[in-house]
Amino acid sequence: MKTIIAACSQNLSGSRASIQTALRTLLAVPWPSQRDVGSVLQLLAVLQWVLSFLLLGTVSLLLLIYLLFTSLWLIPVLYLAWIILDWDTPEKGGRRLPCLRRWTVWKHFRDYFPVKLVKTHDLSPSHNYIIGSHPHGILCVGAFCNFITGSTGFEELFPGIRSSLTTLAGNFRLPVFREYLMSGGLFPVTRRAIGYLLSQKGTGNAVAIVIGGAAESLSCRPGVTTLILKNRKGFVRMALRHGAFLVPSFSFGENDLFRQVVFEEGSWMRSIQRRFQKMIGFAPCLFYGRGLTSCRSRGFLPYARPITTVAVGEPVAVPKVENPSRELVDRYHELYIHALLKLFNENKTKYGLSESDELHIL
């Protein structure tokens, strides 16, 4: 009996020694610094944003189709009925949730690159505005961060101005994804939606439009600044119909976030991209960024490159003309391009470009 008690005592002593050794080893391991924790939070913020824009709509659609053939079939049926009743809401002001603009996650998103907003001119709350956002890049990071999240201080820089951003109308046909977009203040890039914002919401509205669109994303690559703008005049016509001032903005660094396989004009791959763009509204791009675990690996996350959005260029005062002529549209289109070129040339050397770099407008 004494032998058994002695053996148990020896085992307990050994266990306590092992536990103490393990605790000392654990305490000796360096804890993550505040900077390391911040880096992880920034990476997660960007990850959720990329996955939301690339997968949320498609995954939600497939899930609802799957549920139709299960005992939970009533859920997709009711949601489909809701979408039918709610079909026109995206073009009638949407359902913006101001609290989403103040999410802490957007501050981590901003700091990942980081994104910075620079003010060059005042905007009076007594007018409405159409802000041209350039360039498109791959995922419009600068436009989203500055005009939707509020993390860069747009409301503080431009008091009395409510910013919103337009995107492809097809995105608002995808279940769940449409709710996500509307809650953040995104709207379809349609005449009806833009007209509603500029005519039914009083003054102090700034509607940002990424004018180059899907076609411009095909030419996105580091070191090249090419805009699709020469024949894009619909936004000018909308500005004239509603008397909204035209304002250029430019995000320096937007084209440096991803690497893209660019196919030359006339190649069969470029023709396929053009056909997809006409059929479904966006052009499929072959691009890559950094991986999730290492910036040296390849993946779908953007590279951490600084983005500086200069907002805004000198506003172009636009009269209200219900049925503007082609000549009048062309005149104000030229004035807008002149203001954009002035904004670019005055700021390019401040934000990573050389004096010899030019803005190519196609």
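The values are calculated or read from the model by the stated rules, or taken from the named source; none is laboratory data. Everything quoted here is computed from the prediction, not taken from an experiment. Heads up, the Cβs are rebuilt from the backbone with ideal geometry, glycines too, and the neighbour counts pull from every protein chain shown. When the accessible area is computed, the model is the full protein with side chains, heavy atoms only, and any ligands, DNA or RNA have been set aside. Shrake-Rupley method; radii C 1.70, N 1.55, O 1.52, S 1.80 Å.
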- For the range 124-145, which residues satisfy the criterion of being touching a Phe, Trp or Tyr at 6+ places or on another chain (Cβ under 6 Å) and surrounded by 24 or more Cβ atoms within 10 Å (Cβ to Cβ)? Tyr129, Ile130, His134
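Mind checking which residues of the range 330-349 are among the hydrophobic types (A, V, I, L, M, F, W, C), open to solvent by less than 50 Å² (accessible area, probe 1.4 Å) and within 15 Å of Thr120 (Cβ to Cβ)?
Ala339, Leu340, Leu343, Phe344, listed by residue number.
Please go through the range 149-158 and give me each residue that is open to solvent by less than 10 Å² (accessible area, probe 1.4 Å) and either touching a residue at least 60 places away in the same chain (Cβ under 8 Å) or among the hydrophobic types (A, V, I, L, M, F, W, C) (or both), ordered by number. Steps first, answer last, please.
Start the filter on the range 149-158 by keeping residues that are open to solvent by less than 10 Å² (accessible area, probe 1.4 Å), which leaves 149, 154, 158.
The answer is Phe154, Phe158.
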- Query: Do we find that Arg96 is touching a residue at least 40 places away in the same chain (Cβ under 8 Å), basic (Lys, Arg) and not in a loop (DSSP other than H, G, I, E, B) in this structure?
  - Reply: no
- Message: Val210 - would you say it is open to solvent by 10 Å² or more (accessible area, probe 1.4 Å) and touching a His at 6+ places or on another chain (Cβ under 7 Å)?
- Response: yes
- Note on the structure: Residue count, the range 236-249, condition out of contact with any Lys or Arg (no Cβ under 9 Å at 6 or more places or on another chain), open to solvent by less than 10 Å² (accessible area, probe 1.4 Å) and either free of Cβ contacts under 8 Å to residues at least 24 places away in the same chain or assigned to a strand (DSSP E or B) (or both), comes to 3
- Item | Candidate set: the range 71-104, residues that are of a type in the set (Val, Ile, Thr) and open to solvent by 40 Å² or more (accessible area, probe 1.4 Å); chosen: the one nearest to the chain's Cα centre (by Cα) | Thr104
- Task: Note down all Cβ pairs under 6 Å where the first residue falls in the range 287-315 and is in contact (Cβ under 8 Å) with a residue 24 or more places away in the chain, the second is in a loop (DSSP other than H, G, I, E, B) and of a type in the set (Gly, Ala, Ser), and they're at least six residues apart or on different chains.
- Result: Arg305/Gly253; Pro306/Gly253; Ile307/Gly253
